[in-house]
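Step one of this worksheet: look at the structure below.
The values are calculated or read from the model by the stated rules, or taken from the named source; none is laboratory data. As the structure is a prediction and not an experimental result, all values here were calculated from the model. Glycine also receives a Cβ, built like all others from the backbone with ideal geometry; neighbour counts cover every protein chain displayed.
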Amino acid sequence: MDPPSSNLPFRQRSHGRTASSDDRRRVAMPRRSTRGPLDAGVDPLSDPLSVPEPASPQRLPSSSPALPTVTSPGLSSPLTMESSSAIDDVPLKDFSYLLSPENFHPLPTTTILPPFLNSPHTPSPDAPLEDLLVHGHYRTAADHCARQLTTATSPTDAPRLFALLYTRLACLTLIGQHSLAAQEAKALGDLGASFYRHPLTGTHLVPWELRVLAVRLLALGFGEPRRGVVGYYDLARECRGEVLRARQEGRAGDEKMWEQRLGECGILVGNALVEMGELEGAGRHFAELRRAEKGRNEREERRLRSMEALVWLRVGDIQAARRACAGLDEDGDGVLEALIQMADGDYEGAVEAWQGLCDADPEDALTRQNLAICLFYTGRIGESRELLESLTESGSAFHALTFNLSTVYDLCTERSRDRKMELAERLAARPPAADVWEKAAADFKL
């Protein structure tokens, strides 16, 4: 996949740094004049700028035990360390400031329902980290990472330290503890500081996935949502430089990897705009990315069309959503058309659309849940309840499902709290799966 092209330049940041004897204590100053995707004539993924370091996806050697591969909530690639031919010669740096027990907050259990705390499937605190991650025990996995970081990790073992830190922050994000994750991410400081780079090659010592996750968490932690957009811009600029470098050196694998990262940076910019409430700006941003992919990568173009259509549905612009999804294949049109009918208030038509999709794929839990929602809005609450309960009995337990079924209980019975607790007990008794096993009270509207 080639990176999106444009005749419009990517705005290059230019600022000076105050001299300091310790790069770890540098804090990035907010830009006084920054242009974003809402400014005319600016494409965050256009004109490439070179960066001073080559990189390739290779794990750094470590004498510590290997950690399990963890995928990022935002990206689908495994956790990797940037490397180069000279990375073995990197001097040992002291990251002890990241291992202070004060950096890690105790996770509250008051929000967890008793059935999950007392379940026979509750994991042992000494369970291996890999098993905790595979079975969805993310809160216990976050505690495990904190213990390892504060008691069993060398401050000079960068690969192990950053892998554990990434896993800790990712688990906090997955269980909805965004504020705690944002506070703990502040300990990283400015990841653009030279302290985090190889002194000879300039290769970044922090895994790409942790850098991406830190952009969002630091924006939340400092209460500056636009900081996240700027951070993704900086990562996109680095991706463009690495794409060109890999192309010139004939490293096809690295070129493809950096192109994929570049595309993800563009999507993350749109996600940041949605979180900021700039829905119309996000819609225009996804439209620009879609046009850049037209004729070059059909699969990516379809993906961007779907994202753009969903944003316009959030805005309430049905016509814009229809224009965005025009030209998608039949499967894409079926899902988006059903969503458009729901947004337009045509729930009877949406019931037929979702029923057809369910007949085509009876195992798709999300499609069946959407059918139940449409049945609910057409007054067929009993059918909606039965369908949602059948989903929980078959093993599905994602947040929207438990929340919507709890809403149905609120409307169907005066003993809704008892029904919700019974639902929680059923879910706590099920074997752990890949999703978040431990449910909070908010998942059941309690």
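Kindly provide the set of residues from region 170-205 that are closer than 17 Å to PHE95 by Cα and assigned to a helix (DSSP H, G or I), ordered by number.
GLU184, ALA185, LYS186, ALA187, LEU188, SER194, PHE195, TYR196
Every residue in region 269-302 that is of a type in the set (A, V, I, L, M) and in contact with a Lys or Arg (Cβ under 8 Å, 6 or more places away or on another chain), please.
Of everything in region 269-302, those that are of a type in the set (A, V, I, L, M) and in contact with a Lys or Arg (Cβ under 8 Å, 6 or more places away or on another chain) turn out to be ALA272, VAL274, MET276, LEU279.
More than 19 Å from ARG322 (Cα to Cα) and buried (at least 17 other Cβ atoms within 10 Å of the Cβ), is that true of LEU273?
Considered against the rule, which asks whether it is more than 19 Å from ARG322 (Cα to Cα) and buried (at least 17 other Cβ atoms within 10 Å of the Cβ), LEU273 comes out as yes.
Among the listed residues LEU339, LEU273, which satisfies the condition of being touching a His at 6+ places or on another chain (Cβ under 8 Å) and part of a helix (DSSP H, G or I)?
The conditions single out LEU273.
Of (1) crowded, with 17+ Cβ neighbours inside 10 Å; (2) within 27 Å of ASP443 (Cβ to Cβ); (3) under 21 Å from the mean Cα position of the chain (by Cα); (4) without any contact (Cβ under 8 Å) to a residue 60 or more places away in the chain, TYR138 satisfies all except one. Which?
TYR138 satisfies every listed condition except (4).
Looking only at region 288-315, count every residue that is within 15 Å of VAL269 (Cβ to Cβ) and not in a helix (DSSP H, G or I) and tell me the total.
Total satisfying the criteria: 0.
Of everything in region 83-123 that's at pLDDT 85 or above and surrounded by fewer than 10 Cβ atoms within 10 Å (Cβ to Cβ), which residue is farthest from the chain's Cα centre (by Cα)?
Only one residue fits best here, namely PRO120.
If I go through region 112-144 residue by residue, how many of them are in contact with a His (Cβ under 7 Å, 6 or more places away or on another chain) and in a loop (DSSP other than H, G, I, E, B)?
Residues flagged as in contact with a His (Cβ under 7 Å, 6 or more places away or on another chain) and in a loop (DSSP other than H, G, I, E, B) within region 112-144 amount to 1.
Output the number of residues of region 408-429 satisfying the condition of being surrounded by fewer than 16 Cβ atoms within 10 Å (Cβ to Cβ) and without any contact (Cβ under 8 Å) to a residue 60 or more places away in the chain.
10
Pairs only if they're at least six apart or on different chains, beta carbon under 7 angstrom, first in region 342-357 and in contact (Cβ under 8 Å) with a residue 24 or more places away in the chain, second part of a helix (DSSP H, G or I) and surrounded by fewer than 21 Cβ atoms within 10 Å (Cβ to Cβ); list them, first residue then second.
ALA343/ILE318; ASP344/ILE318; TYR347/TYR377; ALA350/GLN341; ALA350/MET342
Show the residue pairs meeting these rules: Cβ distance below 8 Å; 6+ apart or different chains; first residue within region 149-160 and under 14 Å from SER100 (Cβ atoms); second residue crowded, with 16+ Cβ neighbours inside 10 Å and charged (D, E, K, R).
LEU149/ARG168; THR153/ARG160
Look through LEU262, LEU304 and report the one residue that is within 27 Å of TRP208 (Cα to Cα), touching a residue at least 40 places away in the same chain (Cβ under 8 Å) and buried (at least 21 other Cβ atoms within 10 Å of the Cβ).
Result: LEU262 is the single residue among LEU262, LEU304 that is within 27 Å of TRP208 (Cα to Cα), touching a residue at least 40 places away in the same chain (Cβ under 8 Å) and buried (at least 21 other Cβ atoms within 10 Å of the Cβ).
Of all residues in region 247-257, which are touching a residue at least 40 places away in the same chain (Cβ under 8 Å) and either in contact with a helix residue (DSSP H, G or I) (Cβ under 7 Å, 6 or more places away or on another chain) or not in a helix (DSSP H, G or I) (or both)?
If the condition is that a residue be touching a residue at least 40 places away in the same chain (Cβ under 8 Å) and either in contact with a helix residue (DSSP H, G or I) (Cβ under 7 Å, 6 or more places away or on another chain) or not in a helix (DSSP H, G or I) (or both), then ARG251, ASP254 are the ones that fit.
Counting only residues that are more than 13 Å from PHE104 (Cα to Cα) and of a type in the set (Ser, Thr, Tyr), which one in region 141-165 is surrounded by the most Cβ atoms within 10 Å (Cβ to Cβ)?
Going through the qualifying residues, I end up with THR153.
Could you tell me whether region 343-355 includes any residue that is of a type outside the set (A, V, I, L, M) and under 30 Å from THR173 (Cα atoms)?
The answer is no; no qualifying residue exists.
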